[in-house]
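Everything below concerns the one structure shown next.
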Amino acid sequence: MVELIELSKTYQSKNKTVHAVDNISLKIENGEIFGIVGYSGAGKSSLLRCINMLEKPTSGQVLIDGTDITKLSLPDLRRLRQSIGMIFQHFNLIANRTVAGNIAYPMEVAGKSKAEIANRTAELLELVELSDKANVYPAQLSGGQKQRVGIARALANDPKLLLCDEATSALDPKTTRSILNLLKRINQQLGISIVLITHEMEVVKEICHRVAIMSEGKIVETGTAFQIFANPQEEITKGFVNSVLDIQLPAHLLTDKGDNKQLIKVVFKGKEAEEPIIDSMLRNFSVKANFLHARIDYIQDTPMGVFVLELAGDLAERERAIAFLDRETAGTEVIPYVS
Ligand SMILES: Nc1ncnc2c1ncn2[C@@H]1O[C@H](COP(=O)(O)OP(=O)(O)OP(=O)(O)O)[C@@H](O)[C@H]1O
Ligand SMILES: [Mg+2]
């Protein structure tokens with residue numbers, strides 16, 4: 001549905017050139033929720049804004065359903081923009097229009113009839129669960145409600161693509177979750193493809209099917225959300241993944257407790273996280289295990305588990321138990337004691 005071919009965007013300021021988007025080629029499939037992750041200044045917004053030509057690329061192509069939109073005439077581009085919705089970190093609502101007025105705005109611009117606008121506005125208010133706020137002004141809404149209005153407005157002209165620029169970055173975790181659920185519902189029920197940019201891996205974990213990691217204007221790694229979490233290749237990707245999965249144990253748990261004990265970290269990836277492997281280990285070897293940390297994350301519906309155990313038993317038995325775990329799991333790591 002969206003294909004970027006050797007896309008670049010450079011900004012020219014007085015004495016330097018900034019390569020905000022540097023020769024990016026990328027394909028986003030129909031029906032997908034595609035995440036672009038990167039630190040501040042990576043070029044995410046510039047890239048996203050090239051997809052609807054809010055930013056004119058310096059070179060390269062942006063194909064939407066096969067049409068290179070960088071070559072469109074202004075009227076054609078206006079028409080195309082109606083099929084692409086966009087939402088923003090700071091919502092960008094019109095302060096002196098009511099909620100209904102904000103949602104109606106893009107339909108007015110598109111020249112829709114009054115009746116059509118009224119019907120569609122009511123429908124969208126229901127979709128985002130704000131029917132009771134139709135006549136309220138943005139200043140009277142919470143952040144989450146403002147973003148719901150932003151989403152309804154973005155959907156007004158029935159887009160097939162929704163671009164989200166840090167749509168949840170200004171929201172608390174609970175509100176973030178409700179907005180992500182709404183986006184997921186929009187993707188599944190209305191079949192709208194979504195490209196979202198974020199610096200939060202939690203967002204990726206919750207809703208993205210595929211992800212691209214962006215750094216200094218370039219895509220450094222792409223994969224399914226699960227691949228990226230389970231098997232990050234680049235250092236920067238590992239950093240992002242660890243921001244979600246990393247564990248910090250209190251120091252007193254890491255000190256040496258005698259010869260017959262050691263700490264091990266066990267990582268399960270995918271279906272095996274649902275199998276009773278630790279239970280098998282305890283039954284097959286004469287070791288005891290004390291759980292110091294246990295966590296299972298779901299990347300979409302695929303589980304990933306990280307456990308830290310204090311394993312007790314004589315050395316030979318512990319070694320056999322660890323070898324067993326190593327065979328059966330994605331990675332058993334022996335965490336050394338800090339003496
Ligand atoms: N209009 C502009 N003029 C000059 N430089 C710009 C302009 N817009 C962005 N840049 C520069 O381009 C680079 C990428 O900016 P961009 O806003 O795309 O990054 P980002 O990944 O969205 O960052 P953030 O997470 O902070 O929003 C930065 O170095 C930025 O300073
Ligand atoms: Mg940005």
Looking at 101, 144, which is the one that is open to solvent by less than 20 Å² (accessible area, probe 1.4 Å), free of Cβ contacts under 8 Å to residues at least 12 places away in the same chain and of a type outside the set (A, V, I, L, M)?
101
Scanning region 232-256 for residues that are touching a residue at least 24 places away in the same chain (Cβ under 8 Å) and in a loop (DSSP other than H, G, I, E, B), the one nearest to the chain's Cα centre (by Cα) turns out to be 247
Residue 327 meets each of (1) open to solvent by 40 Å² or more (accessible area, probe 1.4 Å); (2) assigned to a strand (DSSP E or B) with one exception, condition (2)
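One line per residue, one yes/no per condition, for (1) in a strand (DSSP E or B); (2) farther than 30 Å from residue 239 by Cβ:
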position	(1), (2)
24	yes, no
49	no, no
57	no, no
90	no, no
96	no, yes
Starting from residues that are more than 15 Å from ligand 2 (Cβ to nearest atom) and modelled with pLDDT of 95 or more, keep the ones in region 7-18 and report whichever is most open to solvent (accessible area, probe 1.4 Å).
10
Criterion violated by residue 134 - all others in (1) open to solvent by 10 Å² or more (accessible area, probe 1.4 Å); (2) of a type in the set (A, V, I, L, M); (3) under 25 Å from residue 206 (Cα atoms) satisfied
(3)
Tell me which residues, restricted to region 69-96, are exposed (fewer than 15 other Cβ atoms within 10 Å of the Cβ) and more than 21 Å from residue 158 (Cα to Cα).
71, 73, 90, 95, 96
Given (1) within 16 Å of ligand 1 (Cβ to nearest atom); (2) open to solvent by 30 Å² or more (accessible area, probe 1.4 Å); (3) more than 20 Å from residue 8 (Cβ to Cβ), where does residue 55 come up short, assuming only one miss?
(3)
By residue number, the members of region 282-307 that are surrounded by fewer than 20 Cβ atoms within 10 Å (Cβ to Cβ), part of a strand (DSSP E or B) and under 37 Å from the mean Cα position of the chain (by Cα) are 289, 290, 291, 292, 293, 294, 295, 296, 297, 298, 302, 303
Only one of 103, 87, 64, 69 that is within 16 Å of ligand 1 (Cβ to nearest atom) and either under 17 Å from residue 133 (Cβ atoms) or under 30 Å from the mean Cα position of the chain (by Cα) (or both)
87
Please determine whether any residue of region 40-53 is hydrophobic (A, V, I, L, M, F, W, C) and over 21 Å from residue 194 (Cα atoms).
no
Sort out which residues of region 37-92 are in contact with a Gly (Cβ under 9 Å, 6 or more places away or on another chain) and more than 16 Å from ligand 2 (Cβ to nearest atom), and write them in order of number.
70
Which of (1) open to solvent by less than 40 Å² (accessible area, probe 1.4 Å); (2) modelled with pLDDT under 90 does residue 269 not meet, given it meets every other one?
(1)
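Could you pull out the residue among 31, 41 that is within 12 Å of ligand 1 (Cβ to nearest atom), open to solvent by 30 Å² or more (accessible area, probe 1.4 Å) and among the small types (Gly, Ala, Ser)?
Among 31, 41, only 41 is within 12 Å of ligand 1 (Cβ to nearest atom), open to solvent by 30 Å² or more (accessible area, probe 1.4 Å) and among the small types (Gly, Ala, Ser).
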I'm checking my understanding of the structure. Among residues of region 161-174 that are more than 16 Å from ligand 2 (Cβ to nearest atom) and modelled with pLDDT of 95 or more, which one is surrounded by the fewest Cβ atoms within 10 Å (Cβ to Cβ)?
161
Single match in 217, 191, 223, 239 (criterion: open to solvent by less than 40 Å² (accessible area, probe 1.4 Å), more than 16 Å from ligand 1 (Cβ to nearest atom) and in the same structural domain as residue 6 (by TED's automatic domain parsing))
223
Considering every residue within region 106-125, establish whether at least one is within 20 Å of residue 48 (Cβ to Cβ), in contact with a Gly (Cβ under 8 Å, 6 or more places away or on another chain), open to solvent by less than 50 Å² (accessible area, probe 1.4 Å) and not in a loop (DSSP other than H, G, I, E, B).
no
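The values are calculated or read from the model by the stated rules, or taken from the named source; none is laboratory data. Everything quoted here is computed from the prediction, not taken from an experiment. Heads up, the Cβs are rebuilt from the backbone with ideal geometry, glycines too, and the neighbour counts pull from every protein chain shown. Just so you know, the surface numbers come from the protein's heavy atoms only, side chains and all, with ligands and any DNA or RNA stripped out. Shrake-Rupley method; radii C 1.70, N 1.55, O 1.52, S 1.80 Å.
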